[in-house]
Amino acid sequence: MKEKSSAIIIFNARTIGTFFLLAFLAYGLGRQLFESTNDPKKYLGALLIIANSVIVLFIGILLKKTLKLYNPLVGNIYLFTRIFEALVLSTIFINETVSDDLEYVIAMLILGIGSIPMCLTLYKHKISPAWLAIWGAIGYAVFAFGFLMELFGKEWSMYLLGLGGLWEISFAFWLIVRGSKNVKQTTY
């Protein structure tokens, strides 16, 4: 019998991991600067928030390439989630605020809900380590719940996004270090 080695490789893993980290930096710094009363800082903040929107769009596009091999519907859901997030976050300039923005809350709720199937696909098909995929699914569920509560007037999101945020950072580093290597080897 002929032996074959089938490896699961995440396409563009290092790029996706780097984009996850850059998105954190771009949005975090951009939001701080955008809320400034100083016009140059506000404009720089706006540019960083737009950069974040472009980055999250590319995360969705690039990760879809791997996800569609295992579940095309999940790949499309995840891409839609990232497109929605990118569009909504780039429109905050219309309202000229980020803090109490209903659109922001909805974008984060959709991101949380739309990322759960992605994490479950990572788990089901052993694309990432099981502990990392489970952490992501739980983190995004808690994250989404926090933003759902925001819609009901409960300011819980800031308390419930840590687990999902830490997962994104951990996943990013895992993608950069291990994501482009063989995750699973099977012999036929």
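The values are calculated or read from the model by the stated rules, or taken from the named source; none is laboratory data. Because the structure is predicted, anything quoted here is derived from the model rather than measured. Reconstructed Cβ throughout: ideal geometry from the backbone, glycine too, with neighbour counts over all protein chains shown.
Tabulated data for the structure shown
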| quantity | calculated |
| --- | --- |
| Filter result for T37 (modelled with pLDDT of 90 or more, out of contact with any His (no Cβ under 8 Å at 6 or more places or on another chain) and either under 27 Å from L148 (Cβ atoms) or part of a loop (DSSP other than H, G, I, E, B) (or both)) | no |
| Every residue from region 123-159 that is within 16 Å of I106 (Cβ to Cβ) and assigned to a helix (DSSP H, G or I) | Y140, F143, A144, F145, G146, F147, L148, M149, E150, L151, S157 |
| Given (1) under 21 Å from G165 (Cα atoms); (2) not in a helix (DSSP H, G or I), number of the condition R14 does not satisfy | (2) |
| Check on A130, within 15 Å of Y78 (Cα to Cα) and small (G, A, S) | no |
| Residue in region 135-160 that is nearest to the chain's Cα centre (by Cα), counting only those that are surrounded by fewer than 16 Cβ atoms within 10 Å (Cβ to Cβ) and not aromatic (F, W, Y) | I138 |
| Selection within region 57-87 - at pLDDT 95 or above and of a type in the set (G, A, S) | G60, G75 |
| Search result, residues across region 161-183 that are modelled with pLDDT under 90, surrounded by 14 or more Cβ atoms within 10 Å (Cβ to Cβ) and out of contact with any Ser or Thr (no Cβ under 9 Å at 6 or more places or on another chain) | L161, S180 |
| Qualifying residue in region 51-66 (condition: more than 25 Å from I10 (Cβ to Cβ), of a type in the set (D, E, K, R) and free of Cβ contacts under 8 Å to residues at least 40 places away in the same chain) | no |
